[in-house]
Amino acid sequence: MSEHRTVVELLARYGTTYAEEAGITLRDKPAPLYQLLVLTVLCSARISAATATAAARELYVAGLRTPRTMAGADRRLLIAAFGRAHYVRYDESTATALGRGAELLLDRWHGDLRRLRDEAEGESERIGELLREFPRIGPVGSAIFRREAQAVWPSLRPFFDERTMTEARALGLPGGPAALAALVPPEDTARLAAALTRASLDHVDADGLGAAA
């Protein structure tokens with residue numbers, strides 16, 4: 001397939017971002033950005049993305065949508081939400097991480113991740129470093145957040161981590177961030193990054209994607 005056709009098929013099959021799957025309407029506002037941070041923490045455990053996004057949805061349904069509500073939440077509320085999503089292996093440690101992370105966000109950035117971005121002057125690597133100050137978030141987690149946040153933080157574009165670029169090469173697409181991003185409109189960069197991540201997790205290669213098409 002041509003690069004254009006490959007991207008069309010990739011987005012059609014895998015182009016839902018993880019934020020969308022978790023029920024987050026991502027905007028450059030404090031609450032949805034915090035919800036993305038919560039999803040990042042949940043995805044940073046050794047657990048499936050489907051379980052992590054389900055857990056995120058349960059937390060939001062329980063009203064835990066802001067750092068202030070998270071910091072003040074009864075621990076039992078979090079554990080119950082995790083149980084409904086079958087996110088049980090890391091429930092206690094994740095509840096602790098979310099509580100401490102909410103307090104850090106409130107104390108240092110007044111509950112607003114845009115302040116973190118501004119402290120980093122919008123620079124991707126520095127944003128990643130600051131994100132790693134949150135409990136549970138390491139290099140993989142900071143990449144997850146930036147991969148999704150580029151939908152509303154243009155200074156992050158294009159952001160493709162090593163997994164997404166490796167998958168791009170496996171599908172016959174350019175292996176460099178700028179060339180890869182040039183295949184889609186800027187607003188679809190996050191969707192393309194998510195699609196490549198999902199395709200990688202499904203072990204899809206060019207032949208497999210072509211057969212599906």
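The values are calculated or read from the model by the stated rules, or taken from the named source; none is laboratory data. Everything numeric here is computed off the predicted structure, so don't read it as measured data. Cβ coordinates were reconstructed from backbone atoms using ideal geometry, including for glycine residues, and neighbour counts include every protein chain displayed. For the accessible areas, the whole protein counts, side chains as well, though only heavy atoms, and no ligand, DNA or RNA atoms are used. Shrake-Rupley method; radii C 1.70, N 1.55, O 1.52, S 1.80 Å.
Of the numbered conditions (1) charged (D, E, K, R); (2) touching a residue at least 60 places away in the same chain (Cβ under 8 Å); (3) within 29 Å of Leu209 (Cα to Cα), Arg27 satisfies every one except a single condition; which is it?
It is condition (3) that Arg27 fails.
Has the stretch 81-89 got any residue that is open to solvent by 30 Å² or more (accessible area, probe 1.4 Å), touching a residue at least 40 places away in the same chain (Cβ under 8 Å) and either touching a helix residue (DSSP H, G or I) at 6+ places or on another chain (Cβ under 6 Å) or not β-branched (Val, Ile, Thr) (or both)?
Looking through the stretch 81-89, at least one residue is open to solvent by 30 Å² or more (accessible area, probe 1.4 Å), touching a residue at least 40 places away in the same chain (Cβ under 8 Å) and either touching a helix residue (DSSP H, G or I) at 6+ places or on another chain (Cβ under 6 Å) or not β-branched (Val, Ile, Thr) (or both).
Restricting to the stretch 92-108, what's the tally of residues that are buried (at least 19 other Cβ atoms within 10 Å of the Cβ) and not hydrophobic (A, V, I, L, M, F, W, C)? Even if it seems obvious, please write down each step before you answer.
Initial filter on the stretch 92-108 (buried (at least 19 other Cβ atoms within 10 Å of the Cβ)): 94-95, 97-98, 101-102, 105.
With not hydrophobic (A, V, I, L, M, F, W, C) added as a condition, the list becomes 94, 101.
The total comes to 2.
Determine if the stretch 157-166 includes at least one residue that is without any contact (Cβ under 8 Å) to a residue 12 or more places away in the chain and either under 17 Å from the mean Cα position of the chain (by Cα) or at positive phi (or both). Quick ask: steps written out before the conclusion?
Start the filter on the stretch 157-166 by keeping residues that are without any contact (Cβ under 8 Å) to a residue 12 or more places away in the chain, which leaves 162.
From what's left, either under 17 Å from the mean Cα position of the chain (by Cα) or at positive phi (or both): 162.
Yes, the stretch 157-166 contains at least one residue that is without any contact (Cβ under 8 Å) to a residue 12 or more places away in the chain and either under 17 Å from the mean Cα position of the chain (by Cα) or at positive phi (or both).
Take the residues of the stretch 175-198 that are touching a residue at least 60 places away in the same chain (Cβ under 8 Å) and open to solvent by 30 Å² or more (accessible area, probe 1.4 Å): which is farthest from Ala12 (Cα to Cα)?
Checked the stretch 175-198; the qualifying residue farthest from Ala12 (Cα to Cα) is Leu183.
Conditions (1) under 21 Å from Cys43 (Cα atoms); (2) at pLDDT 95 or above; (3) of a type outside the set (D, E, K, R), marked per residue:
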| residue | (1), (2), (3) |
| --- | --- |
| Gly141 | yes, yes, yes |
| Arg147 | yes, yes, no |
| Trp153 | yes, yes, yes |
| Phe159 | yes, yes, yes |
| Ala182 | no, yes, yes |
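Take residues that are closer than 24 Å to Arg191 by Cβ and tell me which of the helices (runs of 4 or more DSSP H) falling wholly in the stretch 81-174 contain 2 or more. Walk me through it before giving the result.
Details: elements: 91-109, 113-119, 124-131, 139-149, 162-170.
Those helices (runs of 4 or more DSSP H) span 113-119, 124-131, 139-149, 162-170.
Quick check on the stretch 199-213: of everything there that is open to solvent by 50 Å² or more (accessible area, probe 1.4 Å) and assigned to a helix (DSSP H, G or I), which residue is modelled with the highest pLDDT? Steps first, please.
Narrowing the stretch 199-213 to residues open to solvent by 50 Å² or more (accessible area, probe 1.4 Å): 201-203, 205, 207, 211-213.
From the residues that got through so far, the ones that are assigned to a helix (DSSP H, G or I) too are 201, 207, 211-212.
Working: Leu201: 91, Asp207: 77, Ala211: 57, Ala212: 55.
If we take residues in the stretch 199-213 being open to solvent by 50 Å² or more (accessible area, probe 1.4 Å) and assigned to a helix (DSSP H, G or I), then Leu201 is modelled with the highest pLDDT.
Can you name the residue in the stretch 132-158 that is out of contact with any Pro (no Cβ under 8 Å at 6 or more places or on another chain) and of a type in the set (Lys, Arg) and is also most open to solvent (accessible area, probe 1.4 Å) among such residues?
Out of the qualifying residues, it is Arg136.
Select from the stretch 118-138 the residues that are of a type outside the set (D, E, K, R) and within 16 Å of Pro154 (Cβ to Cβ) and list them in ascending order. Break it down stepwise before answering.
At the first step, the residues of the stretch 118-138 found to be of a type outside the set (D, E, K, R) are 120, 122, 124, 127-128, 130-131, 134-135, 137-138.
Ala120, Gly122, Ser124, Ile127 - these are the residues of the stretch 118-138 that are of a type outside the set (D, E, K, R) and within 16 Å of Pro154 (Cβ to Cβ).
Answer yes if at least one residue in the stretch 198-209 is touching a helix residue (DSSP H, G or I) at 6+ places or on another chain (Cβ under 6 Å) and over 16 Å from Tyr18 (Cα atoms), and no otherwise.
Taking the stretch 198-209 and keeping what is touching a helix residue (DSSP H, G or I) at 6+ places or on another chain (Cβ under 6 Å), we get 198-200, 205, 209.
Within this subset, residues satisfying the condition of being over 16 Å from Tyr18 (Cα atoms) are 205, 209.
Yes, the stretch 198-209 contains at least one residue that is touching a helix residue (DSSP H, G or I) at 6+ places or on another chain (Cβ under 6 Å) and over 16 Å from Tyr18 (Cα atoms).
Out of the residues in the stretch 27-74 that are aliphatic (A, V, I, L, M) and surrounded by fewer than 19 Cβ atoms within 10 Å (Cβ to Cβ), which is farthest from Ser93 (Cα to Cα)?
Residues of the stretch 27-74 that are aliphatic (A, V, I, L, M), as a first pass: 31, 33, 36-39, 41-42, 45, 47, 49-50, 52, 54-56, 59, 61-62, 64, 70-71, 73.
From what is left, the residues that are surrounded by fewer than 19 Cβ atoms within 10 Å (Cβ to Cβ) are 31, 47, 49-50, 61-62.
Details: Ala31: 23, Ile47: 13, Ala49: 18, Ala50: 19, Val61: 21, Ala62: 19 Å.
So the residue we want is Ala31.
Quick one: is Ala31 modelled with pLDDT of 95 or more and over 20 Å from Ile144 (Cα atoms)?
Details: modelled with pLDDT of 95 or more: yes; over 20 Å from Ile144 (Cα atoms): no.
No; evaluated as a whole, the condition is false for this residue.
If I filter the stretch 108-118 for residues that are in contact (Cβ under 8 Å) with a residue 40 or more places away in the chain, over 23 Å from Ala45 (Cα atoms) and acidic (Asp, Glu), do I get at least one hit?
yes
Looking at the stretch 109-131, which of its residues are open to solvent by 90 Å² or more (accessible area, probe 1.4 Å) and under 20 Å from Arg68 (Cα atoms)?
Restricting attention to the stretch 109-131, the residues satisfying the condition of being open to solvent by 90 Å² or more (accessible area, probe 1.4 Å) are 110, 115, 118, 121, 125.
Of everything in the stretch 109-131, those that are open to solvent by 90 Å² or more (accessible area, probe 1.4 Å) and under 20 Å from Arg68 (Cα atoms) turn out to be His110, Arg115.
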